[in-house]
């Protein structure tokens, strides 16, 4: 499996007229979408199910659909409601490998909707089967469930879905949740990684086959101030999908990663996030959810925004898969003999030792740095064809061009030390580099 | 019997410490958390500045704190816990400061703790996960520090308490050392087995836990009898404000946005019978000076409320 970059279409593509949004998503480079069943059966609709016939208007989008049959009342209509979106995806060759079943509001008191949620989840599984979607996110039950009773209630709920999921080759993904406590969000079900891992293992053991996994929501981890490296490392390969979204750590939003900034620093622990996923060798689905950011942008700028979102996702993918790229090659050399080379050697020097490093500065040729001989670039011409050159210098494109112009045809990769498994306490100044 | 305590900072001063202890007693406290950390501020340390307070000999320090000890005794206040200055390691700080913290401040703090006949001293774990890359590696460094003072703790009959802390990323406070109750419990057991004595325990800080949305009840229950001391204070879930419990609400329902019910349930479950200690020194600078006695009295009242709720027989029996 290779890491696919998907887009959460909510707020980008309209349900009944999805053409423009889906084309923008496909043109930006996304490989697929998260099929969000909440687009046809929102938490708002569920909140008022059986209470009032005409939904209190929440937003323009919802009011446009007031006349259609409510999926909450007719779960069998779930697939039909999503069909225009799915057909448009097919047309644009977008994958639909993961779906999210309808879910309740965080502050709901609708503990009476368990059977409705179960029915909606069942219908979502059937839809997954129809469209060849392998994963379905189903949130744990929480409404009006007493503290300490969460596992019991969710166990019963999930196991009731296991048979249908297995029959349809769909894996159910649990997702970390916040809990609303008198106006603020605190840790909820599956927020503690150990608990989530234990739930999944027990569910799989009881189901008799691996039909439960995990979807890690980075936004929820950030809201709960969690150490995302720890979180990912505890859950390990149970994590099949990751939702990438940013927030200020206090309010739940779906902002474009790296855009929640304070004091010149991101408010989200992207370092821990990347460390964790890199450590576990994550290669599942990377779902970009930036619906809050998109909602503030003019329609006119949406295509550019979606393209930029794809660039951001691609960058994160590159960072996560850094170690997997190192693993791909049996032999490697580095280009660059400064801090980035030093950081490479600190974190990966033992596991993936380079043959040598090289540098354009002829004064340093023949020197040893971090246990590596510094050779002139010309020496790269003598490398065997399967040996990769990892550029450890921020002038990636220029150096790559230089090497290609020298006639080097072998693999060239970019190494980057922005998100490393660990750091030195200091950084070498330029004069210290050669002294060392 | 459950005691009620509060920090000495902003109440007990070095010129007339006995007056501060009398004020605490009159406000309704039976115990105090001696703010030893006030003698070496963390703000200065992070700026690589240190004062020379802890360069004094142990005898000189004992002499300095004798009026404090006598004042507490005379007022009938038990020094139940104290806070070692923190940090005890400045990441990337110069060697001189880190040597001073480790080799002077820490052992002398233990000596002062013993001098006060205080059973618990709270320390801060090292904040090194950013550099070292993993919480476990960070803990190994804290462990080295604990190992350096644990023999003293055993000899002096003191329990060192680790505390759940936070760290900051772009102004967003996130979990720091000791925020995993299960791991903390395992680590405490390991150390205590190793030393054959209760040299390590836990200090649960409600404000720090609230900032990162930790489930109070679950955390306290996991710690069980390893929970020795408390830092009770409240905040808005965003900043570490050290304010009076029940003073923050986030919705029109105007219910407390901190899970005090879970706090009570947790302490009740583990049959907590130690000291309900408030770490609310900043409250005393927020209120006007003439209201200090009233404010302290109100905090002590909240302590009594907690105490009654924790010990409610009808709930315990049910």
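Please compute the Kirkwood hydrodynamic radius of the stretch B:76-221 from all pairs of different C-alpha atoms, in Å with one decimal.
15.8 Å
Can you run the Rg to Rh ratio on the stretch A:308-382? Use alpha carbon positions and the Kirkwood inverse-distance Rh.
Result for the stretch A:308-382 is an Rg/Rh of 1.05.
Out of all DSSP beta bridges in the protein assembly as shown, what portion is antiparallel? Express it as a percent rounded to 5.
20 percent
Using the number of other C-beta atoms within 10 angstrom as an exposure proxy, rank B:90, B:11 with the fewest first.
Exposure proxy ranking, most exposed first: B:90, B:11.
Checking the a/c ratio against 1.5 first, then a/b against b/c, what shape does the Cα gyration tensor give for the stretch A:179-336?
Since a/c reaches 1.5 but b/c is at least a/b, the shape of the stretch A:179-336 is classed as oblate.
Only Cα pairs within less than 10 Å get springs; with that Gaussian network setup on chain B, which residue of B:207, B:125, B:157 has the largest fluctuation?
Among B:207, B:125, B:157, the largest mean-square fluctuation in the Gaussian network model of chain B belongs to B:157.
Report, to the nearest 10°, how far helix A:19-28 tilts away from the longest principal axis of the Cα atoms in chain A, using its own Cα long axis and a range of 0 to 90°.
20 degrees
Can you sort A:432, A:122 from fewest to most other Cβ atoms within 10 Å of each residue's own Cβ?
Lowest to highest Cβ neighbour count: A:432, A:122.
Based on other C-beta atoms within 10 Å, arrange B:183, A:70, A:91 from fewest to most.
The order, fewest Cβ neighbours first, is A:91, B:183, A:70.
Choose one answer from A:232, A:196, A:14: the residue with the largest mean-square fluctuation in a GNM of chain A with alpha-carbon springs under 10 Å.
A:14
Label the protein assembly as shown by shape, choosing from rounded, prolate and oblate, from the square roots a ≥ b ≥ c of the eigenvalues of the Cα gyration tensor; if a/c is under 1.5 it is rounded, and otherwise prolate applies when a/b is larger than b/c, oblate when it is not.
Oblate is the answer for the protein assembly as shown, as a/c is 1.5 or above yet b/c matches or exceeds a/b.
Considering only chain A, what is the antiparallel percent among its DSSP beta bridges, to the nearest 5?
Here the share of antiparallel DSSP bridges comes out near 20 percent.
Which FRET efficiency, nearest 0.05, do residue A:386 and residue B:238 yield, Cβ-Cβ r, R0 56 Å?
0.60
Determine, from the Cβ-Cβ distance of residue A:426 and residue A:324 and an R0 of 41 Å, the FRET efficiency 1/(1 + (r/R0)^6), rounded to the nearest 0.05.
About 0.90, to the nearest 0.05.
Give the Cα extents of the stretch B:211-312 along the principal axes, in whole Å, largest first.
40, 29, 22
When ranked by the protection proxy of mean other Cβ atoms within 10 Å per residue, highest first, what sequence do the peptides A:346-354, B:111-119 form?
Result, highest mean first: B:111-119, A:346-354.
Using a 7 Å offset from Cα along Cα-Cβ at residue B:70, what residues in the stretch B:85-118 end up with backbone N under 17 Å from the label point?
Under cut-off, by backbone N: B:115-117.
Tell me, Kirkwood radius of the stretch B:75-147 from alpha-carbon pair distances, in Å?
13.4 Å
Averaged over A:222-233, how many beta carbons belonging to a partner chain fall within 10 Å of each residue's beta carbon?
What the average comes to for A:222-233 is 5.
For the pair residue A:418 and residue B:49, what calculated FRET efficiency results from E = 1/(1 + (r/R0)^6), where r is the Cβ-Cβ distance and R0 = 41 Å, to the nearest 0.05?
Computed FRET efficiency for residue B:49 and residue A:418: 0.85.
Using Cα atoms only, what is the angle between the long axis of helix A:339-348 and the major principal axis of chain A, expressed in degrees (0 to 90) to the nearest 10?
70 degrees
If we sort A:335-341, B:103-109, A:379-385 on the protection proxy, mean other Cβ atoms within 10 Å, highest first, what's the order?
A:335-341, B:103-109, A:379-385
Once the cut-off is 23 Å, how many percent of the Cα-Cα pairs in the stretch A:133-263 end up in the long-distance tail?
34 percent
Roughly how compact is chain A, stated as its Cα Rg over 2.2 N^0.38 Å to two decimals?
This ratio for chain A stands at 1.10.
Roughly what angle does helix A:150-167 make with the longest principal axis of chain A, taking Cα atoms, 0 to 90 degrees, to the nearest 10?
Helix A:150-167 and the main axis of chain A meet at about 80 degrees.
With springs only between Cα atoms under 10 Å apart, run a GNM on chain B and tell me which of B:34, B:202, B:306 wobbles the most.
It is B:306.
How would you classify the stretch A:99-154 from its alpha-carbon gyration tensor, with a ≥ b ≥ c the square roots of the eigenvalues: rounded for a/c under 1.5, else prolate if a/b is greater than b/c, otherwise oblate?
prolate
What is the antiparallel percent of DSSP beta bridges lying wholly in the stretch A:134-276, to the nearest 5?
40 percent
Let me confirm one metric for peptide A:180-193, namely the mean number of other chain beta-carbon atoms within 10 Å of its residues' beta-carbons.
Taking the mean over all residues of the peptide, I get 6.
Hey, rough spin-label estimate for residue B:304 and residue A:379, points 7 angstrom out along Cα→Cβ, what's it come to in nanometres?
It works out to 8.0 nm between the two label points.
Bear in mind these aren't lab numbers, they're just calculated from the coordinates by the rules spelled out. This one's a predicted model, so the numbers in the text were calculated from it and none came from an experiment. Counting neighbours? That spans all protein chains shown, and the Cβs are built from the backbone with ideal geometry, glycine included.
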